[in-house]
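**Student:** Supplied in structure tokens, the structure appears directly below.
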Amino acid sequence: AQTVTQSQPEMSVQEAETVTLSCTYDTSESDYYLFWYKQPPSRQMILVIRQEAYKQQNATENRFSVNFQKAAKSFSLKISDSQLGDAAMYFCAYRSDSWGKLQFGAGTQVVVTP
Amino acid sequence: DTEVTQTPKHLVMGMTNKKSLKCEQHMGHRAMYWYKQKAKKPPELMFVYSYEKLSINESVPSRFSPECPNSSLLNLHLHALQPEDSALYLCASSQVGGLAEDTDTQYFGPGTRLTVL
């Protein structure tokens, strides 16, 4: 079974600074998908970014970018120019096929200070 | 439009009540999901429907009964719940197969906060 590990329960960052959230996963498959979801206090799960394992290029969405290291099974999220609205729980998730079960990590709480 | 809607937003029920949660999407997705989430924990998958047929049941107690009347609608019927069933219930949907770039991506609704007294 696949496992997803987020080793940082909480990360604090000042406004306008950069923070990096770590995520590692365990799988024997070669094709899979990785995601970062954001869950603010409203508890709506919001997709931040997705990565297809067969793509070498790291995904980027505005201030959010990933560092995908397939051999190391690592999928970190970098938030640049942090804003107060970025404060949320961030979940890393793995999916092995085009539909079906998402395997979530335990989450990292991001705190943004003015 | 990547919206999934859920009703009600909040629900308080007694252990002998029968209630239902509703989820709706109009993105043409053919897979729909129910998750249960406790505070400060990741979501836990409960059920998956694909093409209106139940494809995954994660050993959920029978007091939770899912239903998928059509491709846009997903219900979760609740009966004789326990206080430990109090949680946020999230619905999600995704495409199945096809050539769209996001066929692998699940989109979540805002959730229903359930309290069982």
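None of the figures in this text is laboratory data; all of them are computed from the coordinates on show. None of these values were measured; they are calculated from a predicted model. Every residue, glycine among them, receives a Cβ derived from its backbone with ideal geometry; neighbour counts consider all protein chains shown.
**Student:** Report the label-to-label distance for B:Gln82 and B:Ser55 in nanometres (one decimal), using points 7 Å from each Cα along the Cα→Cβ vector.
**Tutor:** Inter-label distance under the simple model: 3.1 nm.
**Student:** How far apart, in nanometres, would the label points at A:Ser42 and A:Ser80 be if each is projected 7 angstrom from Cα along the Cα-to-Cβ direction?
**Tutor:** Using points 7 Å along Cα→Cβ, the separation is 2.6 nm.
**Student:** Can I ask one more? Which chymotrypsin sites (Phe, Trp or Tyr not before Pro) in the stretch B:44-117 pass both tests, a DSSP loop state and at most 11 other beta-carbon atoms within 10 Å?
**Tutor:** Those satisfying the criteria are B:Tyr51.
**Student:** Now for a separate question. Mind listing the lone cysteines of the protein assembly as shown, meaning no other Cys beta-carbon sits under 4.7 Å from theirs?
**Tutor:** Among the cysteines of the protein assembly as shown, those whose Cβ sits 4.7 Å or more from every other are B:Cys68.
**Student:** Further question on the same structure: With a sphere of radius 15 Å drawn around the Cβ of B:Lys9, what net charge do the other residues whose Cβ falls strictly inside it have (Lys, Arg +1; Asp, Glu -1)? Numbers along the way, then the final one.
**Tutor:** Values: positive: A:Arg43, B:Lys19, B:Lys22, B:Arg113; negative: B:Glu3, B:Glu24.
After counting each charged neighbour, the total is +2.
**Student:** If I take R0 = 45 Å and measure r between the Cβ atoms of A:Glu61 and B:Met15 in this structure, what FRET efficiency does the formula 1/(1 + (r/R0)^6) give, to the nearest 0.05?
**Tutor:** Step by step, r from the Cβ atoms, then E = 0.55.
**Student:** Let me ask you something else. Let me know the shape class of the stretch A:3-113, please: from the alpha-carbon gyration tensor, a ≥ b ≥ c as square roots of the eigenvalues, rounded when a/c is under 1.5, otherwise prolate if a/b is greater than b/c, or oblate. All intermediate terms of the calculation are to be shown ahead of the outcome.
**Tutor:** Working: a/c = 1.89, a/b = 1.60, b/c = 1.18.
Prolate, since a/c reaches 1.5 and a/b exceeds b/c.
**Student:** Obtain the nm distance between the two label points defined at A:Thr113 and A:Lys70 by a simple spin-label model: each point lies 7 Å from its Cα along the Cα-to-C-beta direction.
**Tutor:** 4.0 nm
**Student:** While we're here: If you take the beta carbon distance between B:Ser65 and A:Met11 as r and set R0 to 30 Å, what does 1/(1 + (r/R0)^6) give as a FRET efficiency, to the nearest 0.05? All intermediate terms of the calculation are to be shown ahead of the outcome.
**Tutor:** Numbers: r = 40 Å, r/R0 = 1.33.
Calculated value: 0.15.
**Student:** For each pair in B:Lys9/B:Lys38; B:Lys9/B:Lys36; A:Lys101/B:Lys22; A:Lys38/B:Lys38; A:Lys73/B:Lys36; A:Lys101/B:Lys53, compute the distance between the two Cα atoms and list the pairs where it is over 18 Å. Each step should come with its number before you reach the end.
**Tutor:** Numbers: B:Lys9/B:Lys38 16 Å; B:Lys9/B:Lys36 14 Å; A:Lys101/B:Lys22 21 Å; A:Lys38/B:Lys38 16 Å; A:Lys73/B:Lys36 27 Å; A:Lys101/B:Lys53 16 Å.
Violating the 18 Å limit, Cα to Cα: A:Lys101/B:Lys22; A:Lys73/B:Lys36.
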